[in-house]
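Below: one structure, written as structure tokens.
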Amino acid sequence: MDRIRYIEKCFGNDNVIRLSTPGRALVGEGVLIKVCRKKPKARYFFLFNDLLVYGTSVLSKKKYINQHVIELKNVQIKSIPDGDDPSKII
């Protein structure tokens, strides 16, 4: 719970929702690279038992901005066969 409160504090005023709630557990965290037209951009992800939260790291693991929250109750996992164009799959 202390780690979740720390993550919440790192987002500062960008918090979309309160992260430290009873029953919420941090499952994992790490950096993923978003492929953009100009250059790749790093995003820091936090996987909770009920949410996926990500943002841009401003100070290495000390401050994050642009918080985005995805509720996992609405997420579906689909297998994509090799060779399919990912832009056509929604």
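The values are calculated or read from the model by the stated rules, or taken from the named source; none is laboratory data. Because the structure is a prediction, the values reported are computed rather than measured. Note that each Cβ is placed from the backbone with ideal geometry, even for glycine, and that neighbours are counted across all protein chains shown. These area figures cover heavy atoms from the full protein model, side chains too; ligands, DNA and RNA do not enter into them. Shrake-Rupley method; radii C 1.70, N 1.55, O 1.52, S 1.80 Å.
So the values come out like this:
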read-out	value
Segment 15-45, subset open to solvent by less than 60 Å² (accessible area, probe 1.4 Å), part of a strand (DSSP E or B) and out of contact with any helix residue (DSSP H, G or I) (no Cβ under 6 Å at 6 or more places or on another chain), residue farthest from D2 (Cα to Cα)	A42
Close pairs (7 angstrom Cβ cut-off, 6 or more residues apart or separate chains): in contact (Cβ under 8 Å) with a residue 24 or more places away in the chain and of a type in the set (A, V, I, L, M) in segment 41-56, open to solvent by 40 Å² or more (accessible area, probe 1.4 Å) and not in a strand (DSSP E or B) anywhere	L51/L72
Members of segment 46-77 found to be outside any strand (DSSP E or B), open to solvent by less than 100 Å² (accessible area, probe 1.4 Å) and over 18 Å from M1 (Cα atoms), listed by number	S60, L72, V75
